[in-house]
1. Taking into account only those residues within the range 31-70 that are within 14 Å of Pro89 (Cβ to Cβ) and of a type in the set (Gly, Ala, Ser), which is most open to solvent (accessible area, probe 1.4 Å)?
2. Among the listed residues Tyr300, Tyr341, identify the single one that is in contact with a helix residue (DSSP H, G or I) (Cβ under 6 Å, 6 or more places away or on another chain) and either surrounded by fewer than 19 Cβ atoms within 10 Å (Cβ to Cβ) or within 30 Å of Asp169 (Cα to Cα) (or both).
3. Among the helices (runs of 4 or more DSSP H) contained in the range 459-541, which hold 3 or more residues that are without any contact (Cβ under 8 Å) to a residue 60 or more places away in the chain, open to solvent by less than 80 Å² (accessible area, probe 1.4 Å) and more than 30 Å from Pro101 (Cα to Cα)?
4. Which residue, of Leu348, Leu366, is of a type outside the set (Ser, Thr, Tyr), in contact with a helix residue (DSSP H, G or I) (Cβ under 7 Å, 6 or more places away or on another chain), assigned to a loop (DSSP other than H, G, I, E, B) and surrounded by 15 or more Cβ atoms within 10 Å (Cβ to Cβ)?
5. Restricting to the range 283-304, name every residue that is over 19 Å from Leu366 (Cβ atoms) and under 29 Å from the mean Cα position of the chain (by Cα).
6. Can you pull out the residues in the range 244-271 that are more than 23 Å from Trp311 (Cα to Cα) and assigned to a loop (DSSP other than H, G, I, E, B)?
7. Report, ordered by the first and then the second residue, all pairs with beta carbons closer than 7 Å, sequence separation of six or more or different chains, a first member in the range 103-128 that is at negative phi, and a second member that is open to solvent by 90 Å² or more (accessible area, probe 1.4 Å).
Amino acid sequence: MRLNLAAKMSAYLRGALFVAALCLLSISSFAQVTLRLASSEGAEALKIQREAIASFEALHPDIHVRLEQIDYSQYFQKLLTEYAADAAPDVAMMGFEHFQPLAKRGVLLQLDDLIAKSPGFHLDAYYEPIIRVHRFEGKLYVLPRDIAPMGLIYYNKRLFDEAGIPYPDGSWTWDFKVRPELREKDFLWVVQKLTKFDAKGNATQWGLNPGWATLLADSFAACLGAKPLDDPQHPTKVLMDSPEMVKAYSLEADLMLNKKWVPTPAAITGSLSDGDHLFAKQQIAMMQGGIWEVPNLRNYIQPGQKDFFEWDIALFPGYKDGTRHFPSGGSGYSIISSTKYPKESWELVQYLSGPETMKKVAAAGLAQPAIKSLALSEPWLVGPNTQAASHYPPSRDVTDKAVPYVVFAPAYEFWPDLQTYINPQLDLIWLGSKTPEQALKDATTNAQERLDTLNAQREAPPFNWTYGLIAGILIALALAAFVYLPERNRPFTSREKAESRAAYKFLAPWLIGLVGLVLGPMILSFLMSWADWDMILPAKFRGPGNYVEALTTDPRFWISLKVTFVYAIFSVPLGIFLALMLALLLNVRVKGMPLYRTFFYMPSLASTVASVLVWQRLFQQKGGLINLIIYGSDGHGNFLGLASLLQG
């Protein structure tokens, strides 16, 4: 009896302990804070970000971080949408180019108060330019993780040796003409000497390639003191046609189109490659870019391989008077103002933009640390603990020397919008279709009209929602009357009326969905076409302004209308005609027709994913079959004149 009692008590005790353990586990799970982190990083950087999150969670066991990767092309729009829907993340990766519209709308938490309450945190340890550019109206909204000067010149030491030119030490300068008397101290002289041509006058080795077409011109313009807008945060005037800007773009156009020392974008495309590959293949002696080029170059140019060569980086040249400037990038982390956990979010931001994470990113060569002391030590600089594969480029201290000369693109919230009016004109320069002076003048005219419209919108009166609601109801009633009135005078029997009532009862769920999910949003969209509203700031009434803008100043409207018209007129009838012809051909009684029908139908058995991969392989820029046919294996072909036609 006593044994049974002891056994029962033991069982009760085990059960009580089990229940207590469950309660403790439940309490601990409820006590744990979950932070959502939005990121637009690529695969390699995302791996490091996950490692940093794991380290942070180990240091803060009461905080769990859920990483949410968002495609960069949709990143900032999705953040705005999530914030408007009260479903925003707690912390978001942020760059200086896009933080201003979020800060202006109250989406981001300003960090100065949090910094002031954080003992031991030293903001002056960060590079001053990257802190300054992440301020809006004097307040800091982004804690930087990296800075990315674009004034780095990657150079091939082997090609310098073959040309008998000393390696650049950053003391070179540039002018609007070659100065042979300065030899290697003149940037254009070096570019000229490193360019080679074949017997037909085609460049077989370019002296210099900018990371993208406008980078070199923008660097020249920055040295001359040119700016695209009169104010980077509250602009009133577009300055793309300033004399300094015209001179800078004219110089690059001359190097590209006349002297051919710099490849055009079409030439790079026609090579079935990109700048990094061409540099690795020694078809480009120097290239301008940021430190983000390093991981790719390390993969392409590996010690011990047959085609390995020594390479390094130098500082972009200053103007002949010594003035040196060039564009820069940079990113960091922000706290979304709607977070329920500002203290924990600040802990996460400090860690992701702090020394430990910066060291991980620096070791991978992905980004220059925003903390100066880390950019002057291992693992960013080459040292005794640096692995052999990470020794290149050896002169990484150049990145620190570049920081005092960086200039940033305008942080104006509508700068990307203005660029849609500017960039198409700039593309015509590199195609040789317009002179730099004319292209920049047209770009300025188009962008200024858009800027004036945007500034006028700020003065628009608030949208009257009472009148809007009345207008919406009237539109809905008009639609209902349009459907109902024609049937009003029609006589119905009692049986038809009963059937109608039953039918409406069955249709009620669909009608509610139609009104709430289709008709309602359509009416709201129509009303908002008369307003300026982003769902966060109060709506402003524009009247017919949006329609006038679309018809008169927005170049995308007529282009989209033209594409739609061409598609409707040619694609649809032509598709139907060809389909009918194929159907008739497959219905002809000839020998072997079952086999032909089988081959014709087989592609429909393949999955959509497989079809996409096949077409992607055909059209891809590097090694694609269509490009291979048009341009040839060496990138200089011109099958049936198609290459010349495509390059304009």
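The values are calculated or read from the model by the stated rules, or taken from the named source; none is laboratory data. Being a predicted model, the structure only gives us computed values, none of them experimental. Positions of Cβ are generated from backbone atoms using ideal geometry, with glycine treated the same way; all protein chains shown enter the neighbour counts. Ligands, DNA and RNA are stripped out before the accessible areas are found, and what is left, the full protein with its side chains, is counted by its heavy atoms. Shrake-Rupley method; radii C 1.70, N 1.55, O 1.52, S 1.80 Å.
1. Ser40
2. Working: Tyr341 fails: in contact with a helix residue (DSSP H, G or I) (Cβ under 6 Å, 6 or more places away or on another chain).
After applying the criteria, what remains is Tyr300.
3. Details: elements: 465-488, 494-513, 520-528.
Because the criterion is at least 3 residues that are without any contact (Cβ under 8 Å) to a residue 60 or more places away in the chain, open to solvent by less than 80 Å² (accessible area, probe 1.4 Å) and more than 30 Å from Pro101 (Cα to Cα), the helices (runs of 4 or more DSSP H) in the range 459-541 that meet it are 465-488, 494-513.
4. Values: Leu348 fails: assigned to a loop (DSSP other than H, G, I, E, B).
Of the residues listed, the single one that is of a type outside the set (Ser, Thr, Tyr), in contact with a helix residue (DSSP H, G or I) (Cβ under 7 Å, 6 or more places away or on another chain), assigned to a loop (DSSP other than H, G, I, E, B) and surrounded by 15 or more Cβ atoms within 10 Å (Cβ to Cβ) is Leu366.
5. First pass over the range 283-304, keeping only residues over 19 Å from Leu366 (Cβ atoms): 283-286, 303-304.
Matches in the range 283-304: Gln283, Ile284, Ala285, Met286.
6. Step one: of the range 244-271, the residues more than 23 Å from Trp311 (Cα to Cα) are 244-260, 264-267, 269-270.
Answer for the range 244-271, where residues must be more than 23 Å from Trp311 (Cα to Cα) and assigned to a loop (DSSP other than H, G, I, E, B): Lys259, Lys260, Thr264.
7. Gln110/Lys139; Asp112/Lys139; Ala125/Lys372; Tyr127/Lys372
Let's see how each residue does on (1) at pLDDT 95 or above; (2) within 19 Å of Ile115 (Cα to Cα):
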residue: Lys281; (1), (2): no, no
residue: Trp292; (1), (2): no, no
residue: Pro295; (1), (2): no, no
residue: Ile313; (1), (2): yes, no
residue: Pro317; (1), (2): yes, no
residue: Asp321; (1), (2): no, no
residue: Thr357; (1), (2): no, yes
residue: Ala362; (1), (2): no, no
